[in-house]
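K.L.:
Structure in structure tokens, see below.
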Amino acid sequence: MAASVVSDKSGGGASLLRPSRVLFLAVLSTAFWSVIFYAHHSAVQGNATMASVLLRPSSFSRPLLTSFRLIGGGLDRCAGRRVYMYELPPRFNAELVRDCRLYSRSMDVCKLVVNDGFGPALPGGGALPERDVYDTDQYMLALIYHARMRRYECLTGDAAAADAVFVPFYAGFDAAMNLMKSDLAARDALPRQLAEWLVRRPEWRAMGGRDHFMVAARPVWDFYRGGDDGWGNALLTYPAIRNTTVLTVEANPWRGIDFGVPFPSHFHPTSDADVLRWQDRMRRRGRRWLWAFAGAPRPGSTKTVRAQIIEQCTASPSCTHFGSSPGHYNSPGRIMELLESAAFCVQPRGDSYTRKSTFDSMLAGCIPVFLHPASAYTQYTWHLPRDYRSYSVFVPHTDVVAGGRNASIEAALRRIPAATVARMREEVIRLIPRITYRDPAATLVTFRDAFDVAVDAVLDRVARRRRAAAEGREYVDVFDGHDSWKHNLLDDGQTQIGPHEFDPYL
């Protein structure tokens, strides 16, 4: 069976969804009822402006290849959106959670897996929303996606009718429990078992896994070890897995199969009204400080400029930061209080390129300031605007680092006109639904949250692959190599890549 993991001899044939007169009528019907629904919703909310901010499609949304269809005179709301979910052997998920004490020696992960990965409920109020607040760990996304998929409105038990197949493997748990092992066979044991299990399934063989997706809820580097040494396991090197779509909190800019999705923050709303109230609150929030930084220094690290950020912030009367203050980093209330008090929040590299704090700051209505394009711009292309200037500021880390230009972060921020700052903050606040993971049991919601955006994008990708297979060709949208990240930044319809402003940093 090991050979079946290393080689990919599966077929990719699939049927093509052909447009029809019925589909045309369905599109007209959908447009009509969308107008009726939107008008009704705005009236119910009593605030057309706020409703439009929450519900209007963003200008950067990926076009979906799916649409509603009429079946037997009724509207099929799941046309092109059906997902089949494997019932994996428990060693791939439930048993990993059961052994949660093995996840970390420095923190109690077992308390964080409760409430389907949201963690313990927190008292609302203060700098936090009034309700639906949890102490959510940044690496619990596999549990969160699994819980959402169990309640997904278009979940089907018929794999043949499904448009995509979800693999609920808790890859991040397995990685965390085994990354420090010197025995590479032990490190790779469960990923290899998963690949072997998948290739034996008829659901996988139907398209060679090209319609499958999974969540690897850690930075991609933990799953991409090449050769017989180095960091991580070999999960994403197996051809059986490379055919799938993998969602990670930090994607590899130079590889093509993984796609970045937002870290979970602390707010998991149960209704549209909860989100609208929070957005309005962040609009009215006074911003005492021009800029802020929530994070500890990284002594001796050459990959971050945190020391320079803290030095500049400490010297400025317009900046606030936690520095090394004990007790702040594990307090969501204190973190949010800091982020909500500033107009701009600096987001340098963390242990890797990305940080959970990026999404905490956006939830707080604070405009993120990035120092490396791989911290957001090449990562979350499904969830954030391609025009990064509409919601963020880019100050190259090479300009700030000692030995570089020693540029002033504050000076760069003060050059931005007040009207531009106001527009950027409004865009950040408008993005809040797209970067939030709602409660799986919520029923009073119409907004598309981070899960919805990701699943829609997966379905769109699978539909393109399925259509290409029906035409006897392979749909190619992933590229390995130096320019891989440029393909993710192309506008729809573009095919050519060339020089890019981020070339010096990537």
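The values are calculated or read from the model by the stated rules, or taken from the named source; none is laboratory data. No experiment lies behind these values; they were computed from the predicted model shown. As a convention, Cβ positions derive from the backbone with ideal geometry for all residues, glycine included, and neighbour counts pool all protein chains shown. Heavy atoms of the whole protein, side chains included, go into the accessibility calculation; ligands, DNA and RNA do not. Shrake-Rupley method; radii C 1.70, N 1.55, O 1.52, S 1.80 Å.
K.L.:
If the reach is capped at under 12 angstrom between alpha carbons, list the aspartates and glutamates near Lys356, excluding any in the same chain fewer than eight residues apart.
P.N.:
Lys356 reaches Asp137, Glu250.
K.L.:
Let me check against my output: what whole-number percent is the relative contact order of segment 230-312, with C-alpha pairs under 8 Å and at least 6 apart?
P.N.:
Details: 41 pairs, mean separation 10.9, N = 83.
Answer for segment 230-312 is 13 percent.
K.L.:
How large is ³J(HN,Hα), in whole Hz, for each residue of segment 310-316 in order, when computed from phi with the Karplus curve 6.51 cos²θ - 1.76 cosθ + 1.60 and θ = phi - 60°, using x for Gly and Pro?
P.N.:
Coupling constants for segment 310-316: 5, 5, 5, 5, 4, 7, 9 Hz.
K.L.:
May I pose another question? Which one of Ala94, Leu155, Gly117 is farthest out on the positive end of the charge dipole of segment 90-243, using unit charges on Cβ (Lys, Arg +1; Asp, Glu -1) and the Cα centre as origin?
P.N.:
Farthest towards the positive end: Ala94.
K.L.:
Using a 1.4 Å probe on the protein heavy atoms, what percent of the accessible area of segment 92-180 belongs to carbon and sulfur?
P.N.:
47 percent
K.L.:
DSSP loop (so not H, G, I, E, B), at most 13 other Cβ within 10 Å: list which chymotrypsin sites (Phe, Trp or Tyr not before Pro) in segment 157-241 pass both filters.
P.N.:
Hits after loop and neighbour filter: Trp231.
K.L.:
Between Ala470 and Ser318, take the C-beta separation as r, use R0 = 45 Å, and let me know the FRET efficiency to the nearest 0.05.
P.N.:
0.15
K.L.:
Quick one: accessible area per residue over segment 270-433, 1.4 Å probe, rounded to a whole number of Å²?
P.N.:
Dividing the accessible area of segment 270-433 by its residue count gives 38 Å².
K.L.:
Could you grab the relative contact order for segment 270-433? Cα pairs under 8 Å, six or more apart, rounded to a whole percent. Walk me through the intermediate numbers first.
P.N.:
Numbers: 242 pairs, mean separation 37.3, N = 164.
Once normalised by length, the contact order is 23 percent.
K.L.:
Taking a ≥ b ≥ c as the square roots of the eigenvalues of the Cα gyration tensor of segment 413-496, is the shape rounded (a/c under 1.5), prolate (a/b larger than b/c) or oblate? Present the calculation step by step, with values, prior to reporting the outcome.
P.N.:
Numbers: a/c = 3.19, a/b = 1.35, b/c = 2.35.
Here segment 413-496 falls in the oblate category.
K.L.:
Let me ask something else. Along the Cα→Cβ direction, 7 angstrom out, place labels at Arg151 and Arg386. What is the inter-label distance in nm?
P.N.:
Taking the two extended label points, one gets 3.5 nm.
K.L.:
Right, something else. Give me the extension gain from Arg298 to Arg284: residue separation times 0.36 nm, minus the current Cα-Cα distance, reported in nm with one decimal.
P.N.:
Additional length available on full extension: 1.6 nm.
K.L.:
I've got another one for you. Give me a comma-separated list of calculated 3J(HN,Hα) values for segment 144-156, in order, Karplus coefficients 6.51, -1.76, 1.60 applied at θ = phi - 60°, integers in Hz, x for any Gly or Pro.
P.N.:
With the stated coefficients, segment 144-156 comes to 5, 5, 4, 5, 5, 5, 4, 10, 4, 5, 10, 5, 10 Hz.
K.L.:
Keeping the other protein chains in place, figure out the carbon and sulfur percent of the accessible area of segment 270-433, with a 1.4 Å probe.
P.N.:
The value for segment 270-433 is 51 percent carbon and sulfur by accessible area.
K.L.:
Whole angstrom only: what separates the Cα centroid of segment 257-323 from the Cα centroid of segment 341-409?
P.N.:
Cα centroid of segment 257-323 versus Cα centroid of segment 341-409: 10 Å apart.
K.L.:
Once amide H atoms are built 1.01 Å from N in the peptide plane, which residues 5 or more positions from Thr156, or in another chain, come under 5 Å H to H?
P.N.:
Amide H neighbours of Thr156: Val83, Tyr84, Met85.
K.L.:
Distance from the Cα centre of segment 95-143 to that of segment 430-506, in angstrom?
P.N.:
28 Å
K.L.:
Using all C-alpha to C-alpha distances in segment 270-433, build P(r) with 10 Å bins and read off the rounded percent in each one.
P.N.:
10, 42, 37, 10, 1
K.L.:
Continuing with this model, one more query. Let me know the charge dipole size of segment 270-433 about its Cα centre in debye, to the nearest 20, where only the beta-carbon of Lys, Arg (+1) and Asp, Glu (-1) is charged.
P.N.:
200 debye
K.L.:
Here's something else I'd like to know. Suppose the chain between Met107 and Asp228 were pulled fully straight at 0.36 nm per residue; how much longer would it get relative to their current alpha carbon spacing?
P.N.:
This chain segment gains 40.6 nm when fully extended.
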